[in-house]
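K.L.:
The structure follows.
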Amino acid sequence: MNYLVGAGGHGLVVLEVLIQQGITVDAFIDNTDKPEKVRGVPCRPQDQAIILETDRILISIGSNTARRELAATHRGSFLTAIHPASTIDNTADIGEGSVVMAGVVVNACVSIGRHVIINTGAVIEHESIIEDYVHVSPNATLCGNVYVGEGSHVGAGAVVIDKIKIGRGCVIGAGSVVIRDVPEYTMVVGNPARFIRELPHF
């Protein structure tokens, strides 16, 4: 059986990606107040769902922290969703549980970790490394040899120039232009991106 954990807006988009891949989703699992069916797919509360180690899940929740916590509880395998309208170089590596949306470009020798979201229209240039539980938002651009640490969030339309290192647990504000390394657990915003505040550690 194939399950999507999370039936919110992100889950709806992930469902479509899997449909485009020809993968059937048997049910959503969601603890919030959802109808019995979401886009024609049954939706079950988590306390009523029995997930076996032979089942495959994809955590379709936008929060990096929530994906990390839920992934640690599942002992089976994970689906990986890659929209056929994305362009993925054959030398790129994409970890389990990750989602690549429509219009994404992933170029040569890129490494993408587990449970990562590469959202609509984002560009990941050559030799970049994206660690686990990162979210790269719509239309963000990571130029060549960029490193993004675990659990970081790159906002919509942000640009990160080549050879920049973004530490663990960072937030890059929407539309920012990052021209300097970003220390871990830091929020930066603007053009050029500047320090706003420190962030809680996880």
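Every number in this text was worked out from the coordinates using simple rules, so none of it is lab data. Just so it is clear, the structure is predicted and the values come from calculations on it, not from any experiment. All Cβ positions, even for glycine, are placed from backbone atoms using ideal geometry, and neighbour counts span all protein chains on display.
K.L.:
Which percent, to the nearest 5, of DSSP beta bridges fully inside the chain are antiparallel? All intermediate terms of the calculation are to be shown ahead of the outcome.
P.N.:
Working: 6 of 48 bridges.
Roughly 10 percent of the DSSP beta bridges within the chain come out antiparallel.
K.L.:
Using +1 on the beta carbon of Lys and Arg, -1 on that of Asp and Glu, and nothing else charged, what's the dipole of the chain about the Cα centre, debye to 20? Display every interim value, and only then the final one.
P.N.:
Numbers: 15 positive and 21 negative charges, 73 e Å.
Using Cβ point charges on Lys, Arg, Asp and Glu, the chain gives about 340 debye.
K.L.:
Same structure again: To the nearest 20 Debye, how big is the dipole of the stretch 81-198 about its Cα centre, given +1 on the beta carbon of each Lys and Arg and -1 on that of each Asp and Glu? Display every interim value, and only then the final one.
P.N.:
On the way: 7 positive and 12 negative charges, 81 e Å.
Around 380 debye, computed over the stretch 81-198.
K.L.:
Lys/Arg Cβ at +1, Asp/Glu Cβ at -1, dipole of the stretch 81-198 taken about the Cα centre: which of HIS135, VAL116, VAL99 is farthest positive-ward?
P.N.:
Ranked along the dipole, the leading option is HIS135.
K.L.:
I've got another one for you. Which of the aspartates and glutamates could a cross-linker span from LYS37 if the Cα-Cα distance has to be under 12 Å and same-chain partners fewer than 8 positions apart are dropped?
P.N.:
By straight Cα distance, LYS37 reaches ASP26.
K.L.:
Here's another thing I want to ask about it. Give a quick list of trypsin sites (Lys or Arg not before Pro) in the stretch 1-95 that DSSP marks as loop, anything other than H, G, I, E or B, with at most 15 other Cβ atoms within 10 Å.
P.N.:
Filter output for the stretch 1-95: ARG39, ARG75.
K.L.:
Between ARG197 and ALA66, take the C-beta separation as r, use R0 = 25 Å, and let me know the FRET efficiency to the nearest 0.05.
P.N.:
Taking R0 as 25 Å, the efficiency between ARG197 and ALA66 is 0.70.
K.L.:
Listing MET101, MET1, MET187 from the residue with the fewest other Cβ atoms within 10 Å to the one with the most, what is the order? Let's see the in-between values first.
P.N.:
Values: MET101 23, MET1 13, MET187 20.
With the fewest neighbours first, MET101, MET1, MET187 line up as MET1, MET187, MET101.
K.L.:
What's the center-to-center distance, using Cα atoms, between the stretch 14-28 and the stretch 46-69 in Å?
P.N.:
15
K.L.:
How do the peptides 189-197, 124-132 rank, highest first, by the average count of neighbouring beta carbon atoms within 10 Å per residue?
P.N.:
The peptides rank, most packed first, as 124-132, 189-197.
K.L.:
Then there is this: Would you calculate, for the chain, the mean residue ellipticity at 222 nm contributed by helices, counting each DSSP H stretch of 4 or more residues as -39,500 (n - 2.57) and dividing by all residues, to the nearest 500?
P.N.:
It lands at -3000 deg cm²/dmol.
K.L.:
Could you derive backbone 3J(HN,Hα) for the stretch 103-114 from the dihedral phi with the Karplus parameters 6.51, -1.76 and 1.60 (θ = phi - 60°), listing whole Hz in sequence and x where the residue is Gly or Pro?
P.N.:
For the stretch 103-114, the Karplus curve yields x, 6, 10, 10, 9, 4, 6, 7, 10, 10, x, 8 Hz.
K.L.:
Could I have the simple spin-label model distance between GLU53 and ARG75, label points 7 Å from Cα toward Cβ, reported in nm to one decimal?
P.N.:
0.5
K.L.:
What order do you get for VAL106, VAL38 when you list them from fewest to most C-beta neighbours inside 10 Å?
P.N.:
On the way: VAL106 26, VAL38 19.
Ordered by Cβ neighbours within 10 Å, fewest first: VAL38, VAL106.
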